[in-house]
Structure formats: structure tokens, C-alpha cells
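Structure record follows, encoded as C-alpha cells.
The values are calculated or read from the model by the stated rules, or taken from the named source; none is laboratory data. Values in this document were obtained by computation on a predicted structure and should not be read as measured data. Cβ: placed from backbone, ideal geometry, glycine included. Neighbour counts: every protein chain shown. Heavy atoms of the whole protein, side chains included, go into the accessibility calculation; ligands, DNA and RNA do not. Shrake-Rupley method; radii C 1.70, N 1.55, O 1.52, S 1.80 Å.
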Amino acid sequence: MKIVIIGGGSAGMAAATRLRRLNEDARIVILEKNNEFAIASCGLTYLLSDVVKEADDLTGATVSQMQNIFKIEVKLNHEVLSVERNEKKVLIADHKPETYDKLIIATGALQLRPDIPGILGDNIFTIRTLSGIQRIKDYYLGTNASDVIILGAGDIGIEAAEAFAQLKAKVTLIDKSDHILPYFDADMTTSLEKELNSCGIKLALNTQIKEFKDSEILLDNGKKLKFDMAIIATGVKSDVKLPVMADLDIGQSGGILVNQYMQTNDTDIYACGDNVEIINRITGMPERWPNASNALKQARIAAEHICGGNSAFRDIIGTNICKVFRLTAAVVGCNEAKLKVANIDYQKIYLRQEDKASYLPSAKPLAMKLLFAANGLILGAQIIGEAGVAERINALSAQMQHGGCVSDLIFEEIAFAPPYSMAKDIINNIGSLAWEVLSGRLRYIDIEDLDEIIPVDVRNPENFALGHLPGAINFPLATLRKSFSKLPKKKKIALYCHNGYAAYLAYCILSQRGFDNAYLLASPPEV
């Protein structure tokens, strides 16, 4: 059996090596259109910033190692022009065709370049290859560039911003959205945007570039910005040129349509990686989620099915994590925007709590948002903090993989020791709050509804004097039991404090004193 793999990235490499482990006798050929092979592309921005010192640190096995260790043929500079399904062969630029018994398309995604005049200028770059990173470095250092524009405030844009900040550049991050990181909700990105500003990154949100000129850009708001070089980080789209030409089915999201075994509508052709369409388990809707972890799982499944296995790719929950200078931001499941598109009803709550025992000087705050359904099903979560974010988002992901509900979070076992967590972790506490909401024991009101309510600040007078919500009245928690009769009962009141705990205690007091008009204010926390 001869298996041809188009693409020498992470998915292509993973499929090839898995195939070899399962079948010692198969002939396996990888066709890579460039002269770079087995590159850890997720690390390119770290090479740009010199966190990763050598390009070789981002390369996996060499072509000779693939041949000598795995008996896999790797052919560089072999650009596949078309797939001839009837003859089971691929046509290659400047080379002889390759026949196949089974074909795997692992071409990955393409960097989007918006249709903006001047965007093909010599001082405008994308982050896709090792050679591309070297060109960026050479231009930055060789021209004494200073002002760097980065178009796109997703993961790559933010990573690039940090890389250039470490190179002492003056960085402006531009995005047409009203907030950074599109998989977050806008109400949770305030801390992240403040962090970027504090580290010298200028933000131009709700902004689009109308034209690139030699040394300045024109914005849609009429302003002009000086720049020496620019990085395009506006996201990726599926590379479906070959599948379309081969009459393979394309899904609603624009990715290659595959079944659970990664087969296309041609049973001898498989696809895996960033170019395929997957299903979101929560919404049931098709989407693309470019992610190296998903790509490796899909490659494994394709290889196993070719060799007679029946492992199947599961619908995804969707997880993501990003470093934003000293902060970490992570999500799992859906944000509000995605739930609204899918017409799924939800409730939300927020919580701010330390990542470890609060009496330790190293304790840092975590800000968390939880989205859940009326039956308690967890629909999504977002967490921001300096430490402890990754392990908590992974714990939530594990719960959601098994259909977890908010009540499960109350009893989630988080390893406890003072340097690592609190005895009652933020996950336990937010699960408890969500359960109380669903049981009718706790009521929240959204901060967007402030015009209809009276904010009640339960902090001490000193903190109240330093700043409070417009129209708020101060009823410190310590005196509330004596003064609650002075609170209005005919208009809704919203209790709030610094991190929510004192307001929660105040709510418990008032709800047992007949204040059916009392609510907790659902206010996004900052870290």
C-alpha cells in the first residue's frame, strides 16, 4: 500500500509517523511544497522575540532522519497542482506525478491578507515560516525600524506585539473588532487591554486600515499613523484549492467536509488539520478551530482508519489559551456571541478570587466568567490571571467533555496546598453560585441594567470614597444588619463590592429580611 501525504506540517508529520508504527510495510511519501519541513509554527513568534534562540529548536525530524528512522520519504519543493481522483495520482509542479492508494490532505490554513491598497508592500510581512521570521528580523534590524503596526488582535497578533515590544519597537495593534481576542467576550478583556497599554502597546480597536503607503497608513476614522513595517495577523482560512479542484465536498464553514474517520467524500482521500470542518458539541454547528492539538488528533485517526482501525474524532468543546505579557487568558466552550448565534439560552455569573491561599504574598487574583444553561449544563468559561489559569481551564474542559453541570463544579477535586490553590477553589465557588442561581436562592442583575436599579456599595466608607458606581449609595456590610431598614423596597437594588464576597453576604442578609427587590450585580471582574 502506498500512502501519499500532502503537507509536511504537524498534521502531515503525525499522520506519517503513526502510519509507520501501524504498518511497517506501507510506502509513505510526504510532499511538501516549500523547503521547510516539520516546523513547530506555533513557536515562530518566540523565535522572533529571541525567547527561542535558534531556528533549529523549532524543527522536528530532518528529511534524512525521516528516511533512516521511519523509512518515510519526504520530498521538499514538491508543490501539488491537482489531484486526479480517477487515476489516483497527484500532479506536481516540475516533478513526475505520484500515484497513491490512500491520500491524506494536510495542507493546513492560509494567512488571510485583507484587500487593502498597498498591503503587498516590501515592509509588510506575515508570520508563517522560518524564512519569513528571518526576513522580518533582517528588515527590523537592517533598516532601524521603530514603529511597527500589527493588523489583527487575535493570538498571533498579541504574540507578535509582545515579541516586538521585547525588541524595543513602538507597537500599535489594530483590529476592526471592539475588543481583542475574538473568542472572549468584550466584558472580560478590559484587564488584558490595560495590560497591553501598560506594556507600551497602543490599541486601535473598532478601526480599519484603508490604505498602506510607504511610511504611513490611512485609517477609516481619517487619522494617519506613521509606520516602518507591518505584520498581518488577521487570521487564517482553509487551504481548499486542491479539494475544490478535485471535487471534494466543502462544508458550511469553508473547511473540507470529512466524516468522523477524517474521510472526505472520496473514501480513499482523507483530510486533517486546520483545513477541515469540525462540529461544535455545544452548538451542534459546523466550524473551523485552527489548533495544533486538534490537528494531531485528526492525523492519528486518519492513520488508524487507513490501517483498519475505527477510532473516531469527537465533536469539539473548544479550548484556547494565550499569554498577554504577565497575564494568561483562557477560554473553554462558547462565549456569549457564539451562544446567541446558535440561539441557545444561557445565564452568566462572574467571580474574582485568589489563585492560592490569600495569606501568601504570592497570591494573585483570578477573574472568571461562567456561562450555563437552565438545566445546569456548562456552556463555556473564561479565565484571566497571572497564575493558575491553565490548570483550571483544563479542569473545566474535562468536566465539559463529560457533559458536566454546575453542580459538578461544587465537588470538583482541585489539588489543594496553600502555594497552589485555596481549600475552596474558584471553580468550586463559581459552581456553588451558579447552583444557587438555578435553585432560585440567588438573583443577579446585569450591570447593563444600572439605569433601572439603585447600586448599593457594601464596602467601607474609605473605599467608597475612592470611587464608586454612578448613583450608588453606601451601606457597609459591617453595619448592614443595623441599617437595612433604610434601604428602599419598592425599587430594585443591586449589591456590589470589590470581589463579590461581601456583596454575596449582604444579599444573604437582605433576602432573609424580606428584600425581594435585592440582586447581586453581575459585574465583570478585573485582575
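Met188 contributes an accessible area of around 10 Å² to the protein surface, as traced by a 1.4 Å probe with all chains present. Sum up the charges of everything whose Cβ sits under 10 Å from the Cβ of Lys369, counting Lys and Arg as +1 and Asp and Glu as -1, but leave Lys369 out. Computed value for this residue: -2. Pair-distance distribution P(r) for segment 271-383, from all Cα-Cα distances in 5 Å bins starting at 0: 2, 10, 16, 17, 15, 13, 11, 8, 4, 2, 1, 0 percent.
Listed by chain and number, the lysines placed with their C-alpha closer than 25 angstrom to that of Lys71 are Lys2, Lys33, Lys88, Lys89, Lys96, Lys102, Lys297; residues fewer than eight positions away on the same chain are left out.
Could you quote the convex hull projected area for segment 403-451, Cα atoms only and averaged over all directions, in nm²? Could the numbers behind the result be given before it?
On the way: hull surface 20.3 nm².
Mean projected area for segment 403-451: 5.1 nm², to one decimal.
Report, as a whole number in µm² per second, the diffusion coefficient that Stokes-Einstein gives for segment 1-60 at 37 °C and 0.692 mPa s using the Kirkwood radius over alpha carbon pairs. Before the final figure, lay out each step's value.
Values: Rh = 12.7 Å.
It diffuses with D of about 258 µm²/s by this estimate.
Considering only the Cα atoms of segment 18-149, their convex hull presents on average a projected area of 11.1 nm². The H on the amide N of Ala230, modeled in the peptide plane, is under 5 Å from the matching H of Ile124, Phe125, Ile149, each at least 5 residues off or on a different chain. If only the Cβ of Lys and Arg carry +1 and only the Cβ of Asp and Glu carry -1, the dipole of the chain around its Cα centre is close to 1140 debye.
The three principal axes of the C-alpha atoms in segment 420-527 carry coordinate ranges of 40, 32, 29 Å, sorted with the longest axis first. Relative intensity of segment 66-120 on a log10 scale, I(q)/I(0) at q = 0.16, 0.21 Å⁻¹, equals -0.70, -0.93, per a Debye sum over C-alpha point scatterers of equal strength in the absence of solvent. Sequence-ordered 3J(HN,Hα) estimates for segment 327-335 from the Karplus curve with 6.51, -1.76 and 1.60 and θ = phi - 60° stand at 9, 10, 10, 9, 9, 9, x, 9, 9 Hz, glycine and proline given as x.
Considering all different alpha carbon pairs of the chain, the Kirkwood hydrodynamic radius works out to 25.8 Å.
Scanning residues 5 or more positions from Leu203 or on other chains, those with amide H under 5 Å from its amide H are Leu173, with H placed 1.01 Å from N in the peptide plane. The HN-Hα couplings worked out from phi for segment 131-136 by the Karplus form 6.51 cos²θ - 1.76 cosθ + 1.60 (θ = phi - 60°) are 5, x, 5, 5, 5, 4 Hz, whole numbers, x standing for Gly and Pro. Simple spin-label estimate for Glu87 and Asn35 gives 3.0 nm between the two label positions (7 Å along the Cα-to-Cβ direction from each Cα).
Normalising by the residue count of the chain, find the relative contact order in percent from Cα pairs under 8 Å and 6+ residues apart.
Working: 1114 pairs, mean separation 57.4, N = 527.
Here the relative contact order equals 11 percent.
Suppose we look only past 16 Å in the calculated P(r) of segment 41-91. What percent of the Cα-Cα pairs does that tail hold? Tail fraction, whole percent: 64. For Lys491, the solvent-accessible surface with a 1.4 Å probe is about 90 Å², rounded to the nearest 10. Pairwise Cα distances in segment 105-166 exceed 13 Å in 70 percent of cases. Going by accessible surface with a 1.4 Å probe and the largest first, Asp247, Asp457 read Asp247, Asp457.
The spacing between segment 102-164 and segment 195-209, judged by their C-alpha centroids, is 18 Å.
3J(HN,Hα) along segment 192-207, derived from phi through the Karplus expression 6.51 cos²θ - 1.76 cosθ + 1.60 where θ = phi - 60°, amounts to 5, 5, 5, 5, 4, 4, 5, 9, x, 8, 7, 10, 10, 8, 6, 9 Hz, with x in place of Gly and Pro.
Report, in whole Å, the centroid distance computed from the Cα atoms of segment 1-19 and segment 221-268. That distance is 20 Å. Database remark: amide H of Val276 closer than 5 angstrom to the amide H of Ile256 (H placed geometrically; neighbours at sequence offset of 5 or more, or on other chains; Pro and chain starts carry no H).
Size estimate for segment 356-482 follows the Kirkwood approach: the inverse of mean 1/r over distinct Cα pairs works out to 16.8 Å.
At 25 °C and 0.890 mPa s, grab the translational diffusion coefficient of segment 153-286 from Stokes-Einstein with a Kirkwood Rh over Cα pairs, rounded to a whole number in µm² per second.
139 µm²/s
Which angle from 0 to 90°, rounded to the nearest 10, does the C-alpha axis of helix 501-511 make with the longest principal axis of the chain? Here the helix axis deviates by roughly 50 degrees. For segment 262-318, with equal point scatterers placed on the C-alpha atoms only and solvent neglected, what are the log10 I(q)/I(0) values from the Debye formula at q = 0.14, 0.22, 0.23, 0.30 1/Å, to two decimals? The Debye formula, applied to the Cα set alone, gives -0.36, -0.86, -0.92, -1.30. Computed from Cα positions, the angle between helix 10-22 and the longest principal axis of the chain comes to roughly 70 degrees.
Report D for segment 61-219 in µm² per second (integer): Stokes-Einstein, Kirkwood Rh on Cα pairs, 37 °C, 0.692 mPa s. Spell out each step's value before the answer.
Values: Rh = 19.2 Å.
The calculation lands on 171 µm²/s.
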